[in-house]
Amino acid sequence: MNYNLLLGLLLFVPCAGAAICIAIRAPGRILAAMCTTVMVWALITLKLCLEVFSRGPIQAADRVFYVDALSAYHLCVMMLVFVASSVYAIGYFKEEIRSERITRRGLHQYAGLWCGALAAMTLSLISNNLGIMWVGIEATTLLTAFLICIPRKAASIEAMWKYLMICSIGVAFAFLGTLLIAAASGGLHLSRSETLLWTQLRVSASALNPMLLKMGFLCLLVGYGTKAGLAPLHNWLPDAHSQAPAPVSAIFSGFMLNAALYCILRYVPIVEQATGRVGWSLQLLSLFGIISIIVSAAFIIFQHDVKRLLAYHSVEHIGIITLAFGLGGLGTFAALFHTLNHSICKTLSFFAAGRLGQTYDTHDMTKMSGTLASAPVWGTALFGSLLALIGVAPFALFMSEFQVLRAAIDSRAIVWMILFLAGSGIVFVGALRHAIAMAWGEPVSVAVPESTGMIEKFLAFAPIAVLLVLGVWIPGPLLAAMKQAASVLRGF
Amino acid sequence: MQQWLELATVLLFLSNLAMLGLSELGACVRTVAFQGILLGFITLIVRQEGLSVRLLILSVMSIGLKGFVFPFLLLRSIREAGVRREVEPFVGYVTSVVGGLLMLAVSMWISARIPATATAMSSFQIPVALSTIFTGLFLVVSRRKALNQVIGYLVFESGIYMFGITAVGEIPFLIELGVLLDVFVAVFVMGIAMNHINREFDHIDADQLSSLKG
């Protein structure tokens, strides 16, 4: 099996797709071309991930590319989010075109940047070289900035500027961190092409300079943490998520945050090994996780805009995932499981919020009441996904959060556990109030009556079904995949 | 070589101070251009082992992009937006310059704690690199005009670049090029973004972009 070809295609397909999307003139075909690109990419990814899970890590192109269980698992989550969002985008933009909120130019811009962002995120997931991983994340920032301001209006431009400035500075910090890590390997006398290879650093972690490594990790945590939306570096996130078109919010929340967190995770085994396995980096992760949970809980209570509410939920859940990674042990597994659950659930809730926003012509929750009666399909989807997000049993998110609690008890992190419970409790009460008011409030007149085809009904209900099933039963192959991915992080 | 390197480093620091004290946007852009050319020069002389094709390409790219392309883009933005100076920054100019000196002191304190930065020829380079990073951050948060924030970002990047070429010996060439390209695209994207802001709001005051809250 020639992995060079497979990995090359994985990057080439989205790039070619972006070019085709920009070249096509007929508006109807632009989205079709985009969907086809994503589907082809997804098939290649699936093939690659199956190889990795059955035969172990893959290296290609003179060790520039390296895919192990951890990256393959993230690729799978990314595949789910991108495929679902691309299919959803067709229905969403059909309505946007009909109501003349988007021009053909906007559509070109959207499809081209969408495929470009896909390529950039793939690059950062499959590269072994930590510098190229950084280039991928930086490219993601620049490509997705203009996805926020489609259609172009004052508020979305404001959100785009904040996103661009805050994340550019953040990601530049991550580069400083990468440089410090490279400096830490100065004593090893590695050749130029080996300096930043993850596999190389992982093997010779004990010989790295711990002081420089710690400084580097701090910069990386702040840098990629900004992109991952960890509080208190999350300021760009609610604005960007609330102003972007719904499919874009879905990939932002469903995967882009996780991609940035993934970059931090890559460094954890190296730092732990070099600093004597005392859990130094893990404790930092837990700290950032807890801060994110508490800060978002405080903001969730006072939200009026449904997409901002979901954005703060993202901060909360990325906090839970980070906390769980920080707890180690069972926590690593719980974090990976929660990543999958959250991505499925948040993608669905942004889908629903986007379509309901079109139905009601507003995202203000006080004006979107009676959703179950006025828009049964997406109203149910939003209510269901909000219940799942706040951790109602038997949804899968409840199960993974429960495992996080167990991990906290196992590692005797009682303070973390109490703070986590308090935060989730506040979120539960605060968000449930919003959810119930929207679902059963006095029905108001809608701007555009809801009309959904088979595909949209499937998109609305399949994720809920999946979350319910995952809540009671994890299929064998998924369990094995998560265990393999966890062992990449635990094996220090 | 040593004295030229030290001269360039001192000039880099002085240009930081100038940036903190200047109110006219055009002058700030020209100072950034000067920094870019300085960095290209430092790239050439920082290595003891002498010149190589790799250093030459990096130096030419750095001088070309930071010294000429970026200033061209930014000066055009200034003309289109019709602004000449930062009127009332959040932090006054004199305070900013004093702050710049404090940042150098802090940088010296930090770099004394960075272990064995063996590749740095002059003991002054790491502190100046760090203080350039701090100056960039300070400019981003303390100025109102979107253009000044872009300039701050560029200064920040220059600081990281300086840190990279002095403290880290062996970085793959591909990554150095990738980074330069990223910065180029970033400035390009920010330029377009500023155009959008200018057209939509009729000004480029980033502090008035405050309708999204909470």
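Observations on the model:
- Protection proxy ranking of B:132-141, A:25-34, B:66-75, B:149-158 - average other beta-carbon atoms within 10 Å, highest first: B:149-158, B:132-141, B:66-75, A:25-34
- Here the label points at A:ILE409 and B:LEU11, each 7 Å from Cα along the C-beta direction, are separated by 6.7 nm in the simple model.
- Of the residues A:PHE93, A:ALA60, A:MET78, the one whose Cα sits farthest toward the positive end of the charge dipole of the stretch A:45-158, with +1 on the Cβ of Lys and Arg and -1 on the Cβ of Asp and Glu, is A:PHE93.
- Dipole magnitude for the stretch B:27-100: computed about the Cα centre from +1 point charges on Lys and Arg Cβ and -1 point charges on Asp and Glu Cβ, it is near 180 debye.
- Annotation: Cα Rg of chain A relative to the compact-globule expectation 2.2 N^0.38 Å equals 0.92.
- Counting only residues at least eight positions apart within a chain, or on another chain, the lysines with an alpha carbon under 24 Å from that of A:LYS227 are A:LYS153, A:LYS162, A:LYS214, A:LYS307, A:LYS346, B:LYS145, B:LYS213.
- Coil-residue chymotrypsin sites (Phe, Trp or Tyr not before Pro) of the stretch A:279-361, DSSP, other Cβ within 10 Å capped at 14: A:PHE302
- Using C-alpha pairs under 8 Å with a sequence gap of at least 6, the mean separation divided by the residue count of the stretch A:177-247 gives a relative contact order of 33 percent.
- Efficiency of FRET from Cβ geometry, A:THR362 and B:GLU88, R₀ 56 Å, rounded to 0.05: 0.95
- Whether the stretch A:36-87 is rounded, prolate or oblate, judged on the alpha carbon gyration tensor where a/c under 1.5 counts as rounded: prolate
- In terms of its C-alpha gyration tensor, the stretch A:199-284 has a prolate overall shape, because the principal axis ratio a/c (a ≥ b ≥ c, square roots of the eigenvalues) is not below 1.5 and a/b outweighs b/c.
- Relative contact order (%) - the stretch A:93-222, alpha-carbon pairs under 8 angstrom, separation at least six: 23 percent
- Placing a label point 7 Å from the Cα of A:ARG433 along the Cα-to-Cβ direction, the residues of the stretch A:306-324 whose backbone N falls under 15 Å from that point are A:309.
- Paramagnetic label reach from A:LEU287 (point 7 Å along Cα→Cβ; backbone nitrogen cut-off under 20 Å): within the stretch A:400-420, residues A:408, A:411-420.
- Among the residues of A:148-155, the average count of other protein chain beta-carbon atoms within 10 Å of the residue beta-carbon is 2.
- With contributions of -39500 (n - 2.57) from each DSSP H run of at least four residues, the per-residue ellipticity at 222 nm computed over the protein assembly as shown stands at -25500 deg cm²/dmol.
- Estimated distance in nm for a label pair at A:ALA447 and A:ALA32, the labels positioned 7 Å out from Cα along Cα-to-Cβ: 2.9 nm
- Contact order normalised by residue count of the stretch A:287-492, Cα under 8 Å, 6+ apart, percent: 30 percent
- Model label zone, B:SER123; criterion: amide N under 16 Å from point 7 Å along Cα-to-beta-carbon; scope the stretch B:135-168: none
- Sites B:VAL185 and A:ARG277, calculated FRET efficiency, Cβ-Cβ separation with R0 35 Å, nearest 0.05: 0.30
- A straight Cα-to-Cα reach below 23 Å connects A:LYS483 with the lysines A:LYS47, residues fewer than 8 places away in its own chain not being considered.
- Anisotropy class of the stretch A:275-430 from Cα gyration tensor, a/c 1.5 cut: prolate
- Stretchable slack from A:ALA480 to A:ALA393, in nm (0.36 nm times residue separation minus alpha-carbon distance): 28.9 nm
- Under the convention that each Lys and Arg Cβ holds +1 and each Asp and Glu Cβ holds -1, the size of the dipole of the stretch B:2-206 around its Cα centre is about 220 debye.
- A Cβ-based charge dipole, computed about the Cα centre of the protein assembly as shown with Lys and Arg at +1 and Asp and Glu at -1, lands at about 400 debye.
- Semi-axis lengths (Å, descending) of the ellipsoid that matches the C-alpha gyration tensor of the stretch B:2-206: 29, 20, 13
- Once the Cβ-Cβ distance of B:ARG30 and A:ALA155 is raised to the sixth power relative to R0 = 45 Å, the FRET efficiency obtained is 0.85.
We did not get these values from a lab; they are worked out from the coordinates using the rules stated. Since the model is a prediction, treat every value here as computed from it, not as a measurement. Don't worry about glycine lacking a Cβ; one is built from the backbone with ideal geometry, like all the others, and counts go over all protein chains shown.
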